[in-house]
Amino acid sequence: MPHPTQVVALLKAQQIRHVRLYNSDRGMLLALANTGIKVAVSIPNEQLLGIGQSNSTAANWVSQNIVSHYPATNITTICVGSEVPTALSNAAPVLINALKYVHSALVASNLDRQIKVSTPLASSIILDSFPPSQAFFNHSWNPVLVPLLKFLQSTNSYFMLNIYPYFDYMQSNGVIPLDYALFKPLPANKEAVDANTLLHYSNVFDAMVDAAYFAMADLNVTNVPVLVTESGWPSKGDSNEPDATLENANTYNSNLIRHVLNKTGTPKHPGISVSTFIYELYNEDMKHGPLSEKNWGLFDASGNPAALDWACGPGKVDCSAMLQGQVCYEPDTVLAHATYAFDAYYHQMGKTPGSCDFNGVAAITTTNPSHGSCLFLGSGTNGTLLNSTIPAMDSKSSDSPHAKIGFLAAYFVAGVLGFAVLFLI
């Protein structure tokens, strides 16, 4: 992984304001200090047994990993373990104690109102998730879930859930349509209808969120909000993973971002935005498992976004002008570099309408983005627009059409990317 200072530089350059860490790495927490970025830290599963069996161990962990960094590092959330009931069943009996001990340590430090404590769960803990109104938790986990929900109620915390429509689609044997998993618009007669509530569902994500609400209601809990701690789509896969593609990853993530930022809500809770972390910030090229496991990231280790990788790789665009020290390197932001690459591809393809789409990422505009010595294709030597190009920072107006990067701008200005994930609020 990149050095913590490089990670924070990427977050700041893209105006990213929320981040989730999968541990409490001291270097990352120090690098995030005085940035204002809201941070969720995690207690890894391998530390859970020790913390859940000893109040003093939990207190020491909070002292070393929270109190020593707060408030310079804006820690807002502690994720205790990850998918514990399904991934580490032997630790499940101590999970509630771990939550309580960590929360008690926060109370002792007068930080319990500023920092929430919860535990991310796998969506597989919900049985019969469709129709959502009939969903219920796996009752074998009630000894954990009942006290968990009581804890979340008493501390005004969130029910954390990992939702992966990609896996639901892959495991459905064709029952779930790809468009339904990807948030693509569906005609009304293709939407899934809950026969009990008559609510219409146009995507897997909303159905899973509402299934969680109904499952909690089955245990008489109706006042704990759902926080989606992981969701995403892989951009590359093995031969038996044909739908793990860059196009589908872009489609899912961009549609999810639009869905959350528009505060669409779910059919059960319309207008109430579901805060969501998008998994994940970087590809993990050394991760074990199928090829898709290595390719959930929105960036590679150099901080280049997947869409830009495509334009400068398979898209055959000459991106040499954006290399460090070259005329279009500055401003060194994803938006500026993607704008240059997408515009170059648009011109290379003869300015056909479909070449300025990038699956909803780009759009046509009439602004010349050339700045200083960085002249975009279609611009004259004095910066006047001769043909179509893309917008950027120091832009000049023109009447000629050119491609602009719209999605990435909204995507990052929204301030949503996390170290392992994006956070949408």
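The values are calculated or read from the model by the stated rules, or taken from the named source; none is laboratory data. Source: prediction; values computed, not measured. Here the Cβ positions follow ideal geometry from the backbone for every residue, glycine too, while neighbour counts run over all protein chains shown. Surface areas here come from the heavy atoms of the whole protein model, side chains and all, with no ligands, DNA or RNA. Shrake-Rupley method; radii C 1.70, N 1.55, O 1.52, S 1.80 Å.
By per-residue mean of other Cβ atoms within 10 Å, what is the highest-first order of 132-143, 70-81? Let's see the in-between values first.
On the way: 132-143: 16.9, 70-81: 20.5.
Going from most to least packed, we get 70-81, 132-143.
Kirkwood Rh, segment 144-286, all Cα pairs: how many Å? Present the calculation step by step, with values, prior to reporting the outcome.
Numbers: mean 1/r = 0.0615 Å⁻¹.
Over segment 144-286, the inverse of the mean reciprocal pair distance is 16.3 Å.
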*asked:* Under 5 Å between amide hydrogens, which residues at least 5 positions from residue 43 or on another chain qualify, with H placed 1.01 Å from N in the peptide plane?
replied: 79, 80, 81
*Using mean Cβ contacts within 10 Å as the protection proxy, how do 58-65, 88-95 order, highest first?*
58-65, 88-95
*For segment 37-88 and segment 226-288, what is the separation of their Cα centres, given in Å?*
25 Å
*Taking only protein heavy atoms and a 1.4 Å probe, what accessible area per residue, in Å², does segment 172-321 have with all protein chains in place?*
44 Å²
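What full-extension length gain, to one decimal in nm, is calculated for residue 193 and residue 68 as 0.36 nm per residue of separation minus the Cα-Cα distance? Present the calculation step by step, with values, prior to reporting the outcome.
Values: separation 125, 0.36 × 125 = 45.00 nm, distance 5.04 nm.
Extra length from residue 193 to residue 68 when fully extended: 40.0 nm.
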*At what distance in nm do the modelled label points of residue 5 and residue 56 sit from each other, each positioned 7 Å from its Cα along Cα→Cβ?*
3.9 nm
_Among 228-240, 144-156, how do they line up by average Cβ neighbours within 10 Å per residue, starting with the highest?_
228-240, 144-156
*In this model, which of 150/263; 12/268; 263/287; 12/351; 150/287; 12/116 are farther than 31 Å apart at the alpha-carbon?*
12/268; 263/287; 12/351; 150/287
*Nitroxide proxy distance, nm - points 7 Å out along Cα→Cβ at residue 30 and residue 300*: 3.0 nm
*Mind checking the full-extension length gain between residue 258 and residue 245? Use 0.36 nm per residue of separation minus the Cα-Cα distance, one decimal, nm.*
2.7 nm
*With each pseudo-label sitting 7 Å past Cα toward Cβ, what's the residue 327-residue 273 distance in nm, one decimal?*
4.1 nm
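Of all the accessible heavy-atom surface of segment 56-201, with the other protein chains kept in place and a 1.4 Å probe, what percent is carbon and sulfur?
Details: 3330 of 6530 Å².
Here carbon and sulfur together make up 51 percent of the probe-accessible area.
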